[in-house]
Amino acid sequence: MNNLLSILQHANLLSSDHVQDLTKQLSQNNHSAPAALINNNLFSSARLAEALSELFSEPIDTIHNYRFELTNKALPNHELILKHLTLPVEVTKNTLTLAVSDPTNLEAQDDFRFATGLQIKPVLVDHQQLVGAIRKLYGKQIASGQSDSKSVSDSELADLAQFDDDANADELVTDEAPVSRYIQQVLMDAVRKQASDIHFEPFEQRYQIRFRLDGILQTHGTPPVGISRRLSTRLKILAKLNIAERRLPQDGRIKLTLADGKSIDMRVSTLPTLFGEKVVLRILDGGSVALDIDSLGYSEKQKQDYLTALDKPQGLILMTGPTGSGKTVSLYTGLKYLNTAERNISTAEDPVEINLPGINQVNINNDIKLDFATALRAFLRQDPDVVMVGEMRDLETAEIGIKAAQTGHLVLSTLHTNSAAESITRLANMGVAPYNLAASLTLIIAQRLARRLCQHCKVPHEVDDHQLTALAPLYPSLMLNHVYQANPEGCDHCNNGYIGRVGIYEVMRIDRTLSEAIGNGASASQLETIALNNGMLTLSLSGIEKLNQGITSLAELQRVISL
């Protein structure tokens with residue numbers, strides 16, 4: 001029987017039946033006893049901390065009284081932290097202060113004492129507060145059991161840095177080599193933190209690894225610059241690239257298998273730079289994407305406009321915006337809505353980022369001349385109902401897609417433009433005839449992604465007169481009584497005041513008036529004026545609505561859409 005459960009039972013705070021059930025649960029998984037008690041609704045996190053404080057005559061401490069981020073940078077014990085769900089929070093002289101939510105877990109104290117050579121001073125903290133702090137350091141998917149691989153110490157990396165010679169790649173082929181284990185740690189940390197990209201960057205005097213979290217690059221680690229070649233070589237081995245070629249960019253893929261058997265694809269790109277090869281990994285974790293239109297951030301009218309266009313048997317729906325603005329998720333949310341047994345759906349992508357069962361997905365491969373136009377022509381010979389083309393990059397692809405939209409098919413695709421109206425101008429500049437655009441287009445959605453404010457720690461923001469003057473022309477009836485900004489210190493639930501992202505949309509429904517204007521060759525500004533008169537919200541207006549709803553901050557909108 002678990003020590004904590006036994007003590008709570010003797011204190012008449014748990015029944016024997018509850019103890020029996022919880023003991024069985026703990027034997028079947030790696031959850032900690034506090035987590036099991038809270039997950040089974042036997043205690044709230046605060047009530048459990050109060051009970052343990054009374055039983056052990058220990059005060060409840062607050063983890064934010066300590067600079068735990070700095071402590072764990074100087075004293076990395078990633079493996080032990082995840083194994084025991086305990087966190088070093090302070091080192092003074094020869095004593096390590098260890099935040100715990102289970103004072104009976106003496107094994108954790110022994111392990112940290114052995115690993116650090118320091119005396120251990122445990123302090124009792126609220127379990128959810130502890131988990132939140134660990135999540136802030138190591139990501140959202142915390143496993144309370146074994147970590148993914150044996151961690152690599154700074155001293156091991158420093159020893160390797162003295163001999164930056166990877167001519168013998170045999171060492172880097174094995175998973176047990178220090179560099180191999182270090183890269184495994186980095187990849188797993190990126191998955192836990194739900195990063196979208198990983199950057200391995202060599203410079204003259206330093207090397208840095210950065211994660212893109214919620215659209216913002218953040219430094220994750222700075223290994224010795226002397227292992228630069230080993231890092232790039234190991235990544236190229238994993239991606240099955242030519243390790244001898246350092247003069248030209250290369251592209252490949254890595255499949256990372258997690259402990260639960262789930263696998264995650266990563267797209268790999270190498271680039272020769274002045275001081276070595278930079279390697280960027282794009283994490284294609286389609287399983288973590290919730291394809292739910294209600295969670296994407298559309299207003300009710302915007303959502304209805306999108307669904308109405310999807311319900312039509314034919315026409316062209318375009319998503320536009322810069323790279324990383326969420327176009328693929330918006331498209332796949334629509335495809336999921338359309339994905340029924342009665343429809344034949346085919347997609348051509350470069351590459352396929354989200355696997356959706358029931359849809360025929362094709363990876364573009366220019367090396368064998370399988371481009372978007374070739375795939376699209378093949379789709380039209382396969383009795384399609386719905387076709388998705390990853391991007392309309394050229395006139396040939398655009399013309400085939402538009403003809404398909406005019407002949408009884410629903411076509412979805414993307415462009416890279418700044419607004420919905422500019423998409424029409426871009427296609428016209430490619431050489432598409434205005435009358436073809438007028439006859440095929442049904443909907444254009446321009447979008448951006450802005451970070452969501454943490455609803456637990458956001459703080460009120462007084463908009464000054466200068467800001468109000470700048471915003472007034474955009475939103476004449478502006479009432480900014482409930483504007484918030486991020487708390488830079490963040491909390492247990494977020495990352496520096498933000499958590500996740502929300503879409504900001506400009507949904508242009510092509511009605512008869514707009515269709516006639518397109519056919520007559522109207523300019524982008526003229527088309528936007530017509531759409532605004534029809535009730536369309538521009539990106540700026542949609543962003544201000546999110547601001548007024550307390551979903552995002554003014555600073556974030558200025559970063560994303562230049563308010």
key: When residues of region 239-254 are limited to those that are without any contact (Cβ under 8 Å) to a residue 12 or more places away in the chain and touching a helix residue (DSSP H, G or I) at 6+ places or on another chain (Cβ under 9 Å), the one most open to solvent (accessible area, probe 1.4 Å)   = 242
query = Would region 227-238 turn up any residue that is assigned to a loop (DSSP other than H, G, I, E, B) and either open to solvent by 10 Å² or more (accessible area, probe 1.4 Å) or on the phi > 0 side of the Ramachandran plot (or both)?
reply = no
task = Give the residue that is surrounded by the most Cβ atoms within 10 Å (Cβ to Cβ), with candidates limited to residues of region 39-69 that are over 17 Å from residue 105 (Cα atoms) and among the aliphatic types (A, V, I, L, M).
result = 63
task = Determine if region 33-43 includes at least one residue that is closer than 20 Å to residue 131 by Cα, at pLDDT below 85 and either part of a loop (DSSP other than H, G, I, E, B) or more than 35 Å from the chain's Cα centre (by Cα) (or both).
result = yes
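So that you can scan it fast, the table gives a plain yes or no per residue for (1) touching a Ser or Thr at 6+ places or on another chain (Cβ under 8 Å); (2) open to solvent by 20 Å² or more (accessible area, probe 1.4 Å); (3) modelled with pLDDT of 90 or more:
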position	(1), (2), (3)
484	yes, yes, yes
493	no, yes, no
496	no, yes, no
517	no, no, yes
536	no, no, yes
Restricting region 406-421 to residues that are part of a helix (DSSP H, G or I) and aliphatic (A, V, I, L, M), the residue that is nearest to residue 319 (Cα to Cα) = 420
query = Regarding residue 51, is this residue of a type in the set (A, V, I, L, M, F, W, C), touching a Leu at 6+ places or on another chain (Cβ under 7 Å), over 30 Å from residue 182 (Cα atoms) and assigned to a helix (DSSP H, G or I)?
reply = yes
ask   = Name the helices (runs of 4 or more DSSP H) wholly within region 296-405 that hold at least 2 residues that are open to solvent by 60 Å² or more (accessible area, probe 1.4 Å), out of contact with any Gly (no Cβ under 9 Å at 6 or more places or on another chain) and modelled with pLDDT of 95 or more?
value = 300-311
Conditions (1) under 31 Å from the mean Cα position of the chain (by Cα); (2) open to solvent by 50 Å² or more (accessible area, probe 1.4 Å); (3) modelled with pLDDT of 90 or more; (4) of a type outside the set (Gly, Ala, Ser): number failed by residue 119 = (1)
note = How many residues of region 82-99 are open to solvent by 10 Å² or more (accessible area, probe 1.4 Å) and either under 22 Å from residue 33 (Cβ atoms) or of a type in the set (D, E, K, R) (or both)? The answer is 5
message = If residue 549 satisfies all but one of (1) of a type outside the set (Asp, Glu); (2) farther than 20 Å from residue 321 by Cβ; (3) over 24 Å from the mean Cα position of the chain (by Cα); (4) open to solvent by 30 Å² or more (accessible area, probe 1.4 Å), what's the number of the condition it fails?
response = (3)
inquiry  = Step by step: first the residues of region 459-482, then only those that are touching a Phe, Trp or Tyr at 6+ places or on another chain (Cβ under 8 Å) and open to solvent by less than 50 Å² (accessible area, probe 1.4 Å), then the one that is modelled with the lowest pLDDT. Which residue is that?
reply    = 461
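The values are calculated or read from the model by the stated rules, or taken from the named source; none is laboratory data. Because the structure is a prediction, the values reported are computed rather than measured. Glycine gets a Cβ as well: all are built from the backbone with ideal geometry, and neighbour counts include every protein chain shown. All accessible areas refer to the heavy atoms of the entire protein, side chains included, with ligands and DNA or RNA removed. Shrake-Rupley method; radii C 1.70, N 1.55, O 1.52, S 1.80 Å.
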